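Quick one: the structure is below, and I'll ask about it shortly.
The values are calculated or read from the model by the stated rules, or taken from the named source; none is laboratory data. Quick caveat: nothing in here was measured; it's all calculated off a predicted structure. FYI the Cβ positions are ideal-geometry reconstructions off the backbone, even for glycines, and counts take in every protein chain you see.
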Amino acid sequence: MRPAPHFFAWLLLGLSCLAGAGAVVNAAPGRFPLTAAALQERYADEIIAHRQYGAYAKHAEKENYPAIAHLFRTLAASEAVHARNFARLLRELGGDPVDPATRFELSGTREHLQQAATVEAAEIDQEYPAILDRISPEQHEQAIQFITYAWKAEQQHRDLIRQIKKGASWFFGTLVSRIEGSPTRYFVCQICGSTVTELPTRQCPICDHPPEEYREVL
């Protein structure tokens, strides 16, 4: 199954407006130097994650794992929302988001799943708490809010791939058969990047916006 062209055209358009390739660091600190630096760091990481998950998805398709490719596309879509949020705040602070260089080697879908789970865990348990502690003295409310949104969405990502990580080392063939035999629908909130398999009935569990803000990743 491949993503609907209009969905990813929208994502690519949004990302292309965020930063030009080969941009030079220009984050004017103003009153919020720690916040501007943290936003630039998170923006770069989210862009890298977006591209890496996209590459993992294409690789999974080549290896004939369409359901796992779908999961990777979903994670990429969520990271794109985070990157867009961080870029907007950076511009409001007088800085320019820097488009990072992205180089990574592809191996196999099994290894990509394990790597994704490891990276998500590190972000959740170490990076995001440290960043929030670092910027808290400056009290930039929207930056704290958007970084918290991303942190909570990453926790959802970890939940989505936790069972895959648990079985991928020893029972990958059996696990893949079960996943590929039970296609899953994924929805991403365009406000905060929340990633769910069922639309909420009332509001997004992370940002409290209505379910109309979600888009299905196809």
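One line per residue, one yes/no per condition, for (1) under 20 Å from Cys192 (Cα atoms); (2) of a type outside the set (S, T, N, Q):
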{"site": "His112", "(1), (2)": "no, yes"}
{"site": "Gln115", "(1), (2)": "no, no"}
{"site": "Glu120", "(1), (2)": "yes, yes"}
{"site": "Ile124", "(1), (2)": "yes, yes"}
{"site": "Ala153", "(1), (2)": "yes, yes"}
{"site": "Leu160", "(1), (2)": "yes, yes"}
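Considering only the stretch 99-119, state which residues are more than 24 Å from Gln40 (Cα to Cα) and among the basic types (Lys, Arg).
Arg110
Taking interchain pairs and intrachain pairs at least six residues apart, which have beta carbon atoms under 8 angstrom, with the first residue in the stretch 202-218 and closer than 21 Å to Glu79 by Cβ and the second surrounded by fewer than 16 Cβ atoms within 10 Å (Cβ to Cβ) and small (Gly, Ala, Ser)?
Final answer for the pair search is Leu218/Ala4.
Checking Asn26 against (1) modelled with pLDDT of 95 or more; (2) surrounded by fewer than 21 Cβ atoms within 10 Å (Cβ to Cβ); (3) of a type in the set (S, T, N, Q): exactly one of these is not met. Which one?
(1)
Identify, from the list Ala44, Ala37, the residue that is within 24 Å of Cys189 (Cβ to Cβ) and part of a helix (DSSP H, G or I).
Sole residue among the options that is within 24 Å of Cys189 (Cβ to Cβ) and part of a helix (DSSP H, G or I): Ala44.
When you check Arg31 against the structure, is it in contact (Cβ under 8 Å) with a residue 12 or more places away in the chain, buried (at least 18 other Cβ atoms within 10 Å of the Cβ) and either more than 15 Å from the chain's Cα centre (by Cα) or part of a helix (DSSP H, G or I) (or both), yes or no?
Answer is no for this residue.
Here is a further query. Please determine, by comparing only the residues of the stretch 75-121 that are of a type in the set (S, T, N, Q) and at pLDDT below 95, which one is surrounded by the most Cβ atoms within 10 Å (Cβ to Cβ).
The selected residue is Thr109.
Only one residue in Ile131, Ile124, Ile179, Ile147 is more than 13 Å from the chain's Cα centre (by Cα) and modelled with pLDDT of 85 or more, so which one is that?
Just one listed residue meets the conditions, Ile131.
Residues being free of Cβ contacts under 8 Å to residues at least 60 places away in the same chain and not in a helix (DSSP H, G or I): count how many of those fall in the stretch 53-92.
Of the residues in the stretch 53-92, 2 are free of Cβ contacts under 8 Å to residues at least 60 places away in the same chain and not in a helix (DSSP H, G or I).
Would you tally the residues in the stretch 43-86 being within 11 Å of the chain's Cα centre (by Cα) and either aliphatic (A, V, I, L, M) or on the phi > 0 side of the Ramachandran plot (or both)?
Count: 9.
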